[in-house]
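> Here it is: the structure, laid out below.
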Amino acid sequence: MEIRKVGIVGAGQMGAGIAEVLAIGGYPVYLADVDEQQLERALATIAENLERSVEKQRLTPAEAKAARARISSGLGYEGFRDCQLAIEAAFEDEAVKRSILKKLCDVLPTDAIITTNTSTLSVTRLAAQTDRPPRFLGTHFMNPVQKLELVELIRGIATSEDTFRTVRDFILSLNKTPISAEDFPAFIVHRILMPMINEAIYALYEGVGSVISIDTAMKLGTHHPMGPLELADFIGLDTCLIAMHNLHEGLADTKYRPCPLLVKYVEAGWLGRKAGRGFYDYSGSEPVPTR
């Protein structure tokens, strides 16, 4: 199948980032969300990012203008009727994703492929909610989508080889690197990354080090570009907690038990950058540790 138009459900950080990358790559994109204000914020962010790319000479003004023109948006699903590929990029909540997938099946062409950007949930289980398990695949883009080259491709038990090859070629056309991951909880990247973040939170919880010392240790001691607590704030502490719950439940191993401090921060609404407060307070000109 030739992919000529792509629809994306979810105009959050991931959905907007995917839309931007696809538009720069030459694909017409329909971006949908149930929240009109979220959709407006996403489009404004994409426009700002394109302008910044022009300033840094990564794009010409004409290329940036053309990319923005390729993105249409709406609150409904009508824009998916002529898409060959739909990407579900909603919040990491299985009930929400199931509802979206059923709505997509009602409007998409029968031969269209559906993919999910889930980072932890079972692709096989999500595929079973659709009318086309052979044409369903996990496509886990990394955050930020514009900068990180990797995309994990996860087959469900029923995913056809043609579907996998079509999506792999599509990802390659975006100058991204696809890797194949098995359908186990959290796949590869989050299977390794989230327990590291959780362990850093345990180190803070147990008083092994402060926020600054833990992040500095990993940045200078292992050359990580961001410390694990800073990274947790960037990802969203609610997302980290969901990932740890899914690992803990899916693999039934106590080593994946979410740190109580992570639970407490999420319960307090301290979700990281998006909430203005997490392991750092972002209300001032410079982030300040909250613990």
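The values are calculated or read from the model by the stated rules, or taken from the named source; none is laboratory data. Owing to the predicted nature of the structure, the values given are computational and were not obtained by experimental measurement. In this analysis, Cβ positions are derived from the backbone assuming ideal geometry, glycine residues included, and neighbour counts consider all displayed protein chains.
> Sort out which residues of the range 34-70 are charged (D, E, K, R) and more than 14 Å from G17 (Cβ to Cβ), and write them in order of number.
Result: D35, E36, E40, E51, E55, K56, R58, E63, K65, R68, R70.
> I'd like to check something: does the range 134-141 contain any residue that is assigned by TED's automatic domain parsing to the domain that holds G17 and surrounded by fewer than 22 Cβ atoms within 10 Å (Cβ to Cβ)?
yes
> For residues that are small (G, A, S) and buried (at least 23 other Cβ atoms within 10 Å of the Cβ), tally how many sit in the range 11-66.
Number of matching residues: 7.
> Inside the range 130-145, can you point out the residues that are modelled with pLDDT under 95 and under 16 Å from A90 (Cβ atoms)?
Across the range 130-145, the qualifying residue is only N143.
> Checking the structure you have, find out if any residue of the range 37-52 is closer than 19 Å to N143 by Cβ and either among the hydroxyl-bearing types (S, T, Y) or in contact (Cβ under 8 Å) with a residue 60 or more places away in the chain (or both).
Looking through the range 37-52, at least one residue is closer than 19 Å to N143 by Cβ and either among the hydroxyl-bearing types (S, T, Y) or in contact (Cβ under 8 Å) with a residue 60 or more places away in the chain (or both).
> Right, here's the next one. If you check V9 against the conditions, is it more than 25 Å from E94 (Cα to Cα) and within 16 Å of the chain's Cα centre (by Cα)? Steps first, answer last, please.
Values: more than 25 Å from E94 (Cα to Cα): no; within 16 Å of the chain's Cα centre (by Cα): yes.
Criteria not met by V9.
> Going through L237, L262, L229, L247 one at a time, which residue ends up being closer than 21 Å to T120 by Cα, surrounded by 21 or more Cβ atoms within 10 Å (Cβ to Cβ) and in contact with a Gly (Cβ under 7 Å, 6 or more places away or on another chain)?
Result of the check over L237, L262, L229, L247: L237.
> Continuing with the same structure: List every residue pair whose Cβ atoms sit under 7 Å apart, with the two residues 6 or more apart in sequence or on different chains, where the first one lies in the range 127-138 and is in a strand (DSSP E or B) and the second, anywhere, is surrounded by fewer than 19 Cβ atoms within 10 Å (Cβ to Cβ) and not hydroxyl-bearing (S, T, Y).
From residues that are in a strand (DSSP E or B), the pairs are L137/F164.
> Right, next: Out of the residues in the range 1-57 that are basic (K, R) and not in a helix (DSSP H, G or I), state the one that is farthest from R165 (Cα to Cα).
If we take residues in the range 1-57 being basic (K, R) and not in a helix (DSSP H, G or I), then K56 is farthest from R165 (Cα to Cα).
> Residues that are within 30 Å of I157 (Cβ to Cβ) and touching a residue at least 12 places away in the same chain (Cβ under 8 Å): list the helices (runs of 4 or more DSSP H) wholly contained in the range 184-291 that include at least 2 such residues.
Passing ranges, in order: 189-205, 237-251.
> With the requirement that a residue be among the small types (G, A, S), within 23 Å of I235 (Cβ to Cβ) and in contact (Cβ under 8 Å) with a residue 24 or more places away in the chain, what does the range 53-98 give you?
A89, A90
> Just checking, does the range 113-126 include any residue being more than 28 Å from K274 (Cβ to Cβ), assigned by TED's automatic domain parsing to the domain that holds A47 and either of a type outside the set (D, E, K, R) or not in a loop (DSSP other than H, G, I, E, B) (or both)?
Looking through the range 113-126, at least one residue is more than 28 Å from K274 (Cβ to Cβ), assigned by TED's automatic domain parsing to the domain that holds A47 and either of a type outside the set (D, E, K, R) or not in a loop (DSSP other than H, G, I, E, B) (or both).
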